[in-house]
Amino acid sequence: MCGIFGVYPHKDAAQLVCLGLYALQHRGEESAGIITRNGKKVHLHKALGLVSDVFNEKILRSLRGEFAIGHLRYSTTGSSNIKNTQPFYVKSKVGDIAIAHNGNLTNTFDLHRELENKGALFQTSMDSEIIAHLLAHSQQKDIKEAIIWSLSKLEGAYSLVLMLNDILIGARDTYGFRPLCLGKFDGAYILASETCTLDLIGAKYIRDIQPGEIVFIYKDKIESVMPFKKSARAFCIFEYIYFARPDSNIFENNVYLTRKKLGVQLATEFGAKADLVMPIPDSGVFAALGFSEKSKIPFEFGMIRNHYIGRTFIQPTQDLRDFRVKIKLNPLKEVLNGKKVIIVEDSIVRGTTSRMRIKTIRQAGAKEIHMRVSCPPLKFPCFYGIDFPTKKELVASKHDIAWIRDFIGADSLEYLSLEGMLNAMPISKENFCTACFTGKYPINHACRFSKDILEK
Ligand code: 5GP
Ligand code: MG
């Protein structure tokens, strides 16, 4: 996962991008970067860490120019080091190229080999670097044609914000896996992963970039092309379930309302007798609200979140063992003691944090714990940018629900059905990629991935 943002032309371009990145921080906590262009001069600052660690007033002031793009990284491919931060920038025969990419390409291996055979020297282990090499190798004279040719070589998931000299470019793969929207602020165009960024700066939402669309933003005009053959849509359903911010509208619909509907559906399918419904905050809050509304069981915050901790560096000792779990979420004994509790969680990935949470909720005195999950069991890895690496790490790929219930220590465990999840969505089911639940991948990977990667 990653967050991307671009603006052009605006005198405070770097500041606007920095605000955009603040609003997208949930999409990647590993590194942050902004590149600006001022005349022919390029300024770049990127580093490992959160937006607030990476940027300060002095740095922002040094990022001059009316043109800026930014990126937040949540590594899915490539290792976590400073080299793999974005925007990725190179000077080439076509000029200055900077790339901010969200999604995973799936034909990386073939393209890598093809480009290396032509003499390309790769600096990073990011799939995004391939786009720069393709541009540098393109034979087209016209920059627009060069972009279209380069993107036509890609397979997999990409929402892109690119700087190519003084053109700001936004593009989305033909499936539309990842979101990307277009906004306007003070005469400037904005490209952003999510609409919550537009709310923050007071920009107007214009529309989503369409699957397969490329927009070219110049100082005085905007152009749009749809050069590729249409494919089925495959919007990532997990953006609605977990990833996107609830105050964003993605794929043209609100995330908060969708999560609440998932909770309503969950209560319809798997009610339980209980004294209270509680979320695992923050991600489970919205489905829990829907669950409570439908089941008429009171909603309570059974645990309180500390929002200030960031990354913890204190090491566990014999006397200080459980602090890692409790430092972020502290169960409320006064609410939980002696109660039958329904916990609503957005998803179970590995099951390890759910197990720890349930243990602390029981220690706080809960008499019965019934866990309800607002999506079906996650069984298959994602190749399009969500961090579900291999089957081995997805608890539901190897074990049935009864096993997982015992592993996490709940009295009962139920997952929302696939049909129920799709029915709760604001758009029809044909629009979605549900591969992580069904194993039906929208792109045929037979020749791309060896069987053992799929089976691992
Ligand atoms: P688990 O019980 O599987 O250890 O953890 C489940 C929790 O991880 C849920 O609260 C869910 O919100 C969160 N989660 C789901 N998907 C992701 C993801 O891609 N990255 C991270 N960091 N957390 C996730
Ligand atoms: Mg969570």
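With +1 on each Lys and Arg Cβ and -1 on each Asp and Glu Cβ, how big is the dipole of the chain about its Cα centre, in debye rounded to the nearest 20?
The dipole magnitude comes to about 420 debye.
Taking amide hydrogens as modeled 1.01 Å from N in the peptide plane, which residues meet the under 5 Å criterion relative to ASP96, leaving out close sequence neighbours?
ASN165
Under a 1.4 angstrom probe, counting protein chains only, how are TYR308, TYR8, TYR218 ranked by accessible area, largest first?
TYR308, TYR218, TYR8
Pairs of alpha-carbon atoms within less than 8 angstrom and 6+ residues apart define the contacts here; what relative contact order does the range 175-218 have, in percent?
Normalised by residue count, the contact order of the range 175-218 is 42 percent.
Which order do LEU200, LEU418, LEU336 take by accessible area at a 1.4 Å probe, largest first?
LEU200, LEU418, LEU336
I'd like the projected area of the chain, averaged over all directions, using the convex hull of its alpha carbons. Report it in nm² with one decimal.
With every direction weighted equally, the projected area is 22.2 nm².
Place a +1 charge on the Cβ of each Lys and Arg in the range 3-231 and a -1 charge on the Cβ of each Asp and Glu, then give the dipole magnitude about the Cα centre in debye, rounded to the nearest 20.
500
Working from Cα positions, state the angle (0 to 90°, nearest 10) between the long axis of helix 255-269 and the longest principal axis of the chain.
Orientation of helix 255-269: about 30 degrees from the principal axis.
Give, as a single signed number, the net charge of other residues whose beta carbon lies under 13 Å from the beta carbon of LEU134, with Lys and Arg counted +1 and Asp and Glu -1.
-4
What are the aspartates and glutamates whose alpha-carbon lies under 18 Å from the alpha-carbon of LYS144, with same-chain residues fewer than 8 places away excluded?
Answer for LYS144, where 18 Å is the Cα cut-off: ASP96, ASP166, ASP173, GLU213, ASP220, GLU223, listed by chain and number.
Could you give the accessible area per residue of the chain, probe 1.4 Å, as a whole number in Å²?
Accessible surface, normalised per residue, equals 43 Å².
Show me, bin by bin at 5 Å from 0, the whole-percent P(r) of the range 362-442 based on Cα pairs.
Cα pair-distance distribution for the range 362-442, in percent: 3, 14, 20, 21, 18, 12, 7, 3, 1, 0.
For the range 1-127, build the charge dipole from Cβ charges (+1 Lys, Arg; -1 Asp, Glu) around the Cα centre, then report which of LEU115, GLY3, SER62 sits farthest towards its positive end.
Looking along the dipole axis, the top candidate is SER62.
Of all DSSP beta bridges located in the range 239-455, what percent are antiparallel, nearest 5?
About 25 percent, rounded to the nearest 5.
Report, in degrees rounded to the nearest 10, the 0 to 90 angle that the Cα long axis of helix 143-152 makes with the longest principal axis of the chain.
Once rounded, the angle reads 40 degrees.
For the chain, what's the relative contact order in percent, using C-alpha pairs closer than 8 Å and at least 6 residues apart?
Dividing the mean separation by the residue count of the chain yields 12 percent.
Can you work out the base-10 log of I(q)/I(0) for the range 1-126 at q = 0.13, 0.14, 0.15, 0.21 1/Å, using the Debye formula on its C-alpha atoms alone?
Values, matching the q order: -0.52, -0.60, -0.68, -1.19.
Sum up the charges of everything whose Cβ sits under 15 Å from the Cβ of SER374, counting Lys and Arg as +1 and Asp and Glu as -1, but leave SER374 out.
-3
Roughly what % of Cα-Cα distances in the range 239-455 sit above 23 Å, to the whole percent?
Summing the P(r) tail past 23 Å for the range 239-455 gives 49 percent.
What ranking do 108-116, 219-227 get when scored by the average of other Cβ atoms within 10 Å per residue, highest first?
108-116, 219-227
So how compact is the range 3-231: Cα radius of gyration and Dmax in angstrom?
According to the Cα coordinates of the range 3-231, Rg and Dmax are 15.9, 48 Å.
When Lys and Arg each count +1 and Asp and Glu each count -1, what net charge do the other residues less than 15 Å away from VAL42, Cβ to Cβ, add up to?
Local charge sum for VAL42: +3.
For the ranges 131-139, 285-293, what's the packing order if you count other beta-carbon atoms within 10 Å of each residue, average per peptide, and put the highest first?
Ranking the peptides 131-139, 285-293 by packing returns 285-293, 131-139.
Can you tell me the order of 99-107, 81-89 when each peptide is scored by its average per-residue count of other Cβ atoms within 10 angstrom, highest first?
Per-residue mean Cβ counts within 10 Å order the peptides as 99-107, 81-89.
Share of the chain's accessible area from carbon and sulfur, percent, 1.4 Å?
The nonpolar share, carbon plus sulfur, comes to 51 percent.
Could you give the C-alpha radius of gyration of the range 96-154 expressed as a fraction of 2.2 N^0.38 Å, taking N as the number of residues it contains?
Against the empirical 2.2 N^0.38 Å value, I get 1.05 for the range 96-154.
Among TYR415, MET356, ALA287, whose Cα projects farthest towards the positive end of the dipole of the range 239-455, with charges put on the beta-carbon of Lys, Arg (+1) and Asp, Glu (-1)?
MET356
Between 0 and 90 degrees, rounded to the nearest ten: what's the tilt of helix 352-363 against the longest Cα principal axis of the chain?
The helix 352-363 is inclined about 30 degrees to the chain.
The values are calculated or read from the model by the stated rules, or taken from the named source; none is laboratory data. On a predicted model such as this, the values are computed, not experimentally measured, just so you know. When we count neighbours, we look across all protein chains shown, and the Cβ atoms used for this are built from the backbone with ideal geometry, even at glycine. Ligands, DNA and RNA are excluded from the accessible area calculation, which covers all protein heavy atoms including side chains. Shrake-Rupley method; radii C 1.70, N 1.55, O 1.52, S 1.80 Å.
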